[in-house]
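Here's the structure we're looking at; comments come further down.
Where a number appears in this text, it was derived from the coordinates with a stated rule and is not lab data. Worth saying up front: this structure is predicted, and the values here are computed from it rather than measured. A quick note on method: Cβ atoms are made from the backbone with ideal geometry, for glycine too, and the neighbour counts reach across all protein chains shown.
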Amino acid sequence: MNTIREFIEYAGWPRIIIGLFLISLFIIAPFVGVRFDVSVSDTLVRFGMNGVMVLAMVPMVVSGCGLNFGLPLGIIAGLLGAVTSIEMGVNGIPGVLTAMAVAVPIAVVLGWAYGLLLNRAKGSEMMIATYVGFSSVAFMCIMWLILPFRSANMVWGYAGKGLRTTISVEGYWHQAISDIGSFRIGEFFYVPTGMFLFFALLCVFMWYFMRTKTGTAMATVGSNPEFARASGVNIDKMRTFSVVLSTVLGAIGIIVYEQSFGFIQLYMGPFYMAFPAVSAVLIGGASVHKATIVNVIVGTILFQGILTMTPSVINSMIQTDMSEVIRIIVSNGMILYALTRVLKVKL
C-alpha cells in the first residue's frame, strides 16, 4: 500500500490518468480495426522525432529563464543548416552532420543574442520568448524568399528563386539517423534504433553536464539566485549560456525531426512547434522552475502517444476520416491543459 501511495505521489494523478487513458487506447485499438503493431511503431517514431526538441526545454527551465517559447529561433537555425546541406548536395550521415555543423554556430549566435535580451527582461522571460519566437518566424518568411539558394530541388520552379514551402529530403538524408541499427518485426513494426540512440546520447550529455561545475552553477542560479550571486556566480552569464544550449538543442532537434519526417517545412512551419514541446515537458511533470530528463521522456511519450492514438481510434469508431481535425483538437487540448498548469503555479 505504501509503495502504491509513494508511486502516486511521485508520478502525480495527472500523469497517471493520462497514462491510463493512453493504455486504454492501445487496448481498444485492435477491437476497432486499428493494428496494435502499427500504433506502437508510430508512437515510437514520433517519440524519437520530437524527443530532442523537448529536451531543449531543460536548460532554460533549470537556469530560471522559464519555458522556452522562443524555440523557433533554434528551429530556424536548424532549417538554415538543413537547406544549406541540400544546396551542397551532401547525402546520408555526412548530409545530416553538415546540416548540424552549419546550424550549431548560427544557433550559438542567435541564442547569445536571445539570452542578452532575456537578461534585460527578468521576470517576463516567457512573454519575451513568445514574442521572439513569433517575430523570428515572421521575419524568416521574408528571408526564405530572398536568400541566395539555387538548388532546383528547393526553389520555386517558375521563379527560379525563393525556397518552396516544403522541401523533400528524400534522396539526401531521409532516415539517415533513424536507420542506423534499425529493424522491423513483421511488416509494419519499425524501430528507429539510431534515432533512439542519438536521443539517449544527448540525454546522457545533459545528465552529465548538469553535474559539472557549470551545470551546478546554472541550477543554483535558477533555484537560488541570491545564493549564487553571493557565491560569485555570474548570473547573467549562466542564464545566457542556458539559452544558447537550449537554442542549439532546438536546432539539432529539428534536423532529427526532418530526417525522420522526410520534409523540411519552412515559412510558418516552425510557428507552432514550441507549444507541443513545452506541453510535453509540463505533462511529464516539469514546472517553470524545475525540469529533468525523466520529465522529458515521460512527457514526450504521453503527448505523442495520445496525439498518435486518439485520431486513429476515434476515426475507426465513428467510421469517418476526421483524423486531422481530431489531431488538432487533441493537440490543442493538451497544450491548453499544460499551460493552465503554468498559470496555476505562477498564481
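A few points about this structure:
- For M317 and T212, the difference between the fully extended length at 0.36 nm per residue and the C-alpha to C-alpha distance is 32.7 nm.
- Using the Cα coordinates of segment 86-193, the gyration tensor eigenvalues translate into equivalent-ellipsoid semi-axes of 32, 23, 14 Å, sorted from longest to shortest.
- For the chain, the dipole from Cβ point charges (+1 on Lys and Arg, -1 on Asp and Glu) about the Cα centre works out to 900 debye, to the nearest 20.
- Förster-model FRET efficiency, 41 Å R0, D236 and I146, C-beta, rounded to 0.05: 0.75
- Positive-end extreme of charge dipole, segment 35-270 - chosen from F199, G70, T216 (charges on Cβ): T216
- Modelled label reach - F21, point 7 Å along Cα→Cβ, segment 36-63 residues with backbone N closer than 19 Å: 40, 43-44, 47
- Kyte-Doolittle mean at least -0.5 and Cα axial length at least 27 Å: DSSP H helices in the chain: 36-55, 92-119, 125-146, 235-261, 293-318, 323-346
- Of the residues P30, V52, A176, the one whose Cα sits farthest towards the positive end of the charge dipole of the chain is V52 (charges of +1 on Lys and Arg Cβ, -1 on Asp and Glu Cβ, taken about the Cα centre).
- Annotation: extensible slack from L116 through I180 equals 19.2 nm (criterion: 0.36 nm per residue apart, minus Cα-Cα distance).
- Using the alpha carbons alone, the radius of gyration of segment 78-145 stands to its Kirkwood radius in an Rg to Rh ratio of 1.09.
- Efficiency of FRET between T3 and F134 - r from beta-carbon atoms, R0 51 angstrom, step 0.05: 0.65
- With a Förster radius of 25 Å applied to the C-beta separation of F188 and F31, the computed FRET efficiency comes to 0.90.
- Per-selection Kirkwood Rh - the chain (Cα, Å, 1 d.p.): 21.0
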